[in-house]
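J.: Here's a structure for you.
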Amino acid sequence: MGIALTLQSYFGDHHVAYDVTRHARTANSSRTAEACHVPGERLAKGVVLKSGVGYILAVLPASKRIAMEAVEKVTGAPVALASEQEASMLFPDCETGAVPVFGAAYGIPAVMDEELDDAEDIYCEGGDHLSLVHMKGREFRELMSGAERAHFVA
């Protein structure tokens, strides 16, 4: 499959340079980091949450777990994990479970953990379980400029 068309357009519209690394199929972001020899704190993962006001994309390092209570403080509403079916509906050009981190490309509000603010380079899912997108940290933060920043990892 490769990079989702929505992401390709989003990167092109924002004139972002990126490269793609192919890897063996992996089941989760931690395994992807291992397969690609990328530190887990430099691999951003997206977690789809739902609340009474809709869906929210939480973006955090693959090496961390989300602290739901902390996200609830940021959003001011109770949140729960969305199902894979719900996530697939939000990202129709991505494989099930390969959640991209750029919610803005899909019209989904995002909250980004502050631990990603200082990374020189960032890696993230490209829309399938075989491709990893790499870009400079400043370009990643530019693409994520609309996301609320907070600390919500455990």
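Throughout, read-outs are computed from the coordinates displayed, never taken from laboratory work. Treat the numbers as computed from the prediction; the structure is a model and nothing was measured. Quick reminder, even Gly has a Cβ in these numbers, built from the backbone with ideal geometry, and neighbours come from all protein chains shown.
J.: Between Glu72 and Ala150, how many nm apart are label points set 7 Å from Cα along the C-beta direction?
T.: Output for this residue pair reads 1.1 nm.
J.: Still on this structure, I have one more. Restrict the search to segment 22-61; then list the trypsin sites (Lys or Arg not before Pro) that DSSP places in a loop and that have at most 13 other Cβ atoms within 10 Å of their Cβ.
T.: Working: sites: Arg22, Arg25, Arg31, Arg42, Lys45, Lys50; in loops: Arg25.
Those satisfying the criteria are Arg25.
J.: Apply the Karplus parameterisation 6.51 cos²θ - 1.76 cosθ + 1.60, with θ equal to phi minus 60°, to every residue of segment 32-44 and state each ³J(HN,Hα) to the nearest whole Hz, in sequence, with x for glycine and proline.
T.: 5, 4, 4, 4, 9, 6, 10, x, x, 6, 9, 9, 7
J.: In what sequence, highest mean first, do 12-21, 133-142 appear when ranked by Cβ atoms within 10 angstrom?
T.: Going by the mean number of other Cβ atoms within 10 Å, highest first, we get 133-142, 12-21.
J.: For segment 93-108, take each phi angle, set θ = phi - 60°, evaluate the Karplus expression 6.51 cos²θ - 1.76 cosθ + 1.60, and give the result in whole Hz per residue in order, putting x for glycine and proline.
T.: Each residue of segment 93-108 in turn: 9, 10, 5, 4, x, 9, 7, x, 9, 8, x, 4, 5, 10, x, 10 Hz.
J.: Also: Grab the other residues whose beta carbon is less than 12 angstrom from that of Val111, score K and R as +1, D and E as -1, and report the net. Present the calculation step by step, with values, prior to reporting the outcome.
T.: Working: positive: Lys73, Arg149; negative: Glu72, Asp113, Glu114, Glu148.
Neighbourhood net charge equals -2.
J.: Compute the relative contact order of the chain as a whole-number percentage, counting only Cα pairs closer than 8 Å that sit 6 or more residues apart in sequence.
T.: 32 percent
J.: Let me ask another. Using helices alone, what [θ] at 222 nm do you get for the chain, with -39,500 (n - 2.57) per DSSP H run of 4 or more residues, divided over all residues and rounded to the nearest 500?
T.: -6500 deg cm²/dmol
J.: Give me a comma-separated list of calculated 3J(HN,Hα) values for segment 71-87, in order, Karplus coefficients 6.51, -1.76, 1.60 applied at θ = phi - 60°, integers in Hz, x for any Gly or Pro.
T.: Those phi angles translate into 5, 4, 5, 5, 7, x, 8, x, 10, 9, 5, 7, 6, 4, 5, 5, 4 Hz.
J.: By how many nm would the segment from Glu86 to Ala35 grow when fully extended, if each residue of separation counts as 0.36 nm and the alpha-carbon distance is taken off?
T.: Gain in length upon complete extension: 15.6 nm.
J.: Suppose every K and R has +1 on its Cβ and every D and E has -1 on its Cβ; what is the size of the dipole of the chain about the Cα centre, in Debye to the nearest 20?
T.: Using only the charged Cβ atoms, the result is roughly 200 debye.
J.: For segment 5-150, what is the percent of antiparallel DSSP beta bridges, rounded to the nearest 5?
T.: Counting only bridges with both partners in segment 5-150, antiparallel ones make up about 70 percent.
J.: Also: Using a cut-off of 9 Å between beta-carbons, work out the net charge of the residues near His129 (Lys and Arg +1, Asp and Glu -1, His129 not included).
T.: Charge balance near His129 sits at -2.
J.: How much net charge surrounds His23 when only the other residues with a Cβ under 10 Å from the Cβ of His23 are counted, with Lys and Arg +1 and Asp and Glu -1?
T.: +2
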